[in-house]
Amino acid sequence: MKILVVDDERDIKTLFEQRFRKEIRNGDMFFVFAFSGEEAVKILGTMEQEAVLILSDINMPGMSGLELLEYIKTKYIKPPPIVMMITAYGDRDNYESSKRLGADDFLTKPLEFGILKEKLKAIL
């Protein structure tokens, strides 16, 4: 499974590589990282529908995660990837905006990697 992780915090890459070491080593999951919404759009343009799942932070400078979500759900060629929104702010407005724009799931930071792994295994 190819997963695109979008977050402006660069240490997220190390964190995911540590927490998913076994899955990466076994070839079950392959992670690609973008550190802005704009970078994610460029990466998606080169992946030719390879991303099965996108995990995106909501609050980022420039293109927000909600703007990226709207772009993915309206512009991405079928089949659209599963999009899970991640935010440090679990407020109702972000949740409702995410759902309205087509988010498949909504997670809050700090991430519970055990819960995330279970969700990802259900998708496999």
Positive-pole candidate from Leu120, Ala88, Ile72, dipole of the chain, charges at beta carbon: Leu120
Candidates Met63, Met47, Met84, ranked by Gaussian network fluctuation over the chain, Cα under 10 Å, top entry: Met47
Estimated FRET transfer efficiency when R0 is 22 angstrom, pair Lys2-Glu96 (beta carbons, to 0.05): 0.15
Sequence-separation-based contact order of the chain, relative, with Cα cut under 8 Å and 6+ spacing, percent: 23
Of Glu96, Glu39, Glu112, the one that fluctuates the most in a GNM where the chain has Cα springs shorter than 10 Å: Glu112
Kirkwood Rh in Å, taken over segment 2-123 so that all alpha-carbon pairs contribute: 14.4
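We did not get these values from a lab; they are worked out from the coordinates using the rules stated. This one's a predicted model, so the numbers in the text were calculated from it and none came from an experiment. Note: ideal-geometry Cβ built from the backbone for every residue, glycine included; neighbour counts use all protein chains shown.
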